[in-house]
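The values are calculated or read from the model by the stated rules, or taken from the named source; none is laboratory data. None of these values were measured; they are calculated from a predicted model. FYI the Cβ positions are ideal-geometry reconstructions off the backbone, even for glycines, and counts take in every protein chain you see.
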């Protein structure tokens, strides 16, 4: 940079009223981006409207699946309402969770995505904040297993949809329970629509939890069932066997048909 | 802005050699950040060293759990090697996946996180790219179910660890299989170490897949088992029942004890 340019730079910094502009002038925009530091988690949460989130999640489901739909429902709304730093998040990454991750039908994509969103705005590396965020995520998983879902009807649905109780956070178990209750096939348009409603319902409940947390009024409403607590008393931490770990509803997969004997 | 300031701005734009600087001068740095557009997925992948990724993932596991460890292993290495835009990703968000999401023991956190990372660098909204990314993620899940893991030993481990075959992508099933094979409890330090090795192993295999893809040499090496294909022929898309969907190893949970009859 020649002397003339340096002098002009000094003048403009004085005229514009701050030294903060100087580094921006010294770099091109790419270099400026390279040095940008993102905020650490948790990112500052701003309360959003659960209905707006649900109505954003539902069409997003048809664009990028359940996981993207739920994540875009929450983070897309925060981009619109709060702006930076949420605008930095590539929400399309969450298409990965579609159909229980890449269609593998393991964990429900809507649950997976909203768990990530909850952690982003409430969690941290530190144990206390991590556990607080985990408490909200666990409430969400228990709600998903125990309630008749979907429980949110989009304003302009493609079909009317029955509700069912999944007793599991897993995609294939949740789908099969609904197929049996509603009488539709697993690859029907009605089942797809059901997952769209479920995406909206899950994103909506997540922000209801987050809004309560923001008001210091969050209390878990869906504790682990007595059956799960009974299983955990032997198999989980401190139990006589201590050969597993879980907070999933054991009865959703094990003891099918109402049997209580061990497999 | 008064006339003197406008004139100086014109001069500095000319002196610095481009009109692109003008908008940056007009705003403070916060406003500039607000307008920043992130690239759409897929983000440009740069081949990284699988061993470096594994060695980054292992200590990260002890900081933030399996999901954060695996994600930080890959994305942290890309931050170091490729810089922008990877530096914009708050990798701590992936702590959410710890212990099968918030300790719930559903989907293995290492698998969950690397699936997200694979999609970020190879996937897109468009069907063709989405399916290509899903193909890599499915290879990873099948590998996880079928191989004796962990198969990567960190350079400075805390304990020596036995391998076991999980036959499931689920945290609690994978943990229980290992506890039985190794003779340790599910909340032992050895089991924690095993999950650290598994985090490193999973992140390593994911970038081996990505590096092959970058060389146009990726071929799935772990197809669905004949048992899963048999189950899917009735229960999945186009089957006589079509009442479920899955690419998980059915035998990992159903038909336990070698039984082939239906539950």
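Details
- Scanning segment B:215-240 for residues that are touching a helix residue (DSSP H, G or I) at 6+ places or on another chain (Cβ under 9 Å) and more than 14 Å from chain A (Cβ to nearest Cβ) turns up B:217, B:218, B:219, B:221, B:227, B:230.
- Qualifying position, being at positive phi, in a loop (DSSP other than H, G, I, E, B), facing chain A (nearest Cβ under 10 Å) and at pLDDT 95 or above, among B:65, B:100: B:100
- The residue list B:166, B:186 contains one member that is assigned to a loop (DSSP other than H, G, I, E, B) and over 19 Å from the mean Cα position of the chain (by Cα), which is B:186.
- In the set (1) over 21 Å from residue A:177 (Cα atoms); (2) at pLDDT 95 or above; (3) touching a helix residue (DSSP H, G or I) at 6+ places or on another chain (Cβ under 7 Å); (4) outside any helix (DSSP H, G or I), the condition left unmet by residue A:84 is number (2).
- Output for segment A:109-151, where each listed residue is over 10 Å from the mean Cα position of the chain (by Cα), within 8 Å of chain B (Cβ to nearest Cβ), assigned to a helix (DSSP H, G or I) and closer than 19 Å to residue B:63 by Cα: A:130, A:133, A:134
Each row is one residue, and each column tells you yes or no for (1) out of contact with any strand residue (DSSP E or B) (no Cβ under 7 Å at 6 or more places or on another chain); (2) over 21 Å from residue A:253 (Cα atoms).
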site: A:78; (1), (2): yes, yes
site: A:90; (1), (2): yes, yes
site: A:94; (1), (2): yes, yes
site: A:100; (1), (2): no, no
site: A:107; (1), (2): no, no
site: A:111; (1), (2): yes, no
site: A:118; (1), (2): yes, yes
site: A:129; (1), (2): yes, yes
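- Evaluated against (1) over 16 Å from residue A:149 (Cα atoms); (2) touching a residue at least 24 places away in the same chain (Cβ under 8 Å), residue A:201 falls short on exactly one condition, (1).
- Of the residues contained in segment A:170-183, none is found to be over 29 Å from residue A:246 (Cβ atoms), in contact with a helix residue (DSSP H, G or I) (Cβ under 6 Å, 6 or more places away or on another chain) and either free of Cβ contacts under 8 Å to residues at least 60 places away in the same chain or outside any loop (DSSP other than H, G, I, E, B) (or both).
- Any hit, segment B:80-90, residues being over 11 Å from the mean Cα position of the chain (by Cα), buried (at least 24 other Cβ atoms within 10 Å of the Cβ) and either under 29 Å from residue A:141 (Cβ atoms) or not assigned by TED's automatic domain parsing to the domain that holds residue B:201 (or both): yes
- Any chance residue A:77 is surrounded by fewer than 22 Cβ atoms within 10 Å (Cβ to Cβ) and either over 17 Å from residue B:119 (Cα atoms) or more than 7 Å from chain B (Cβ to nearest Cβ) (or both): no
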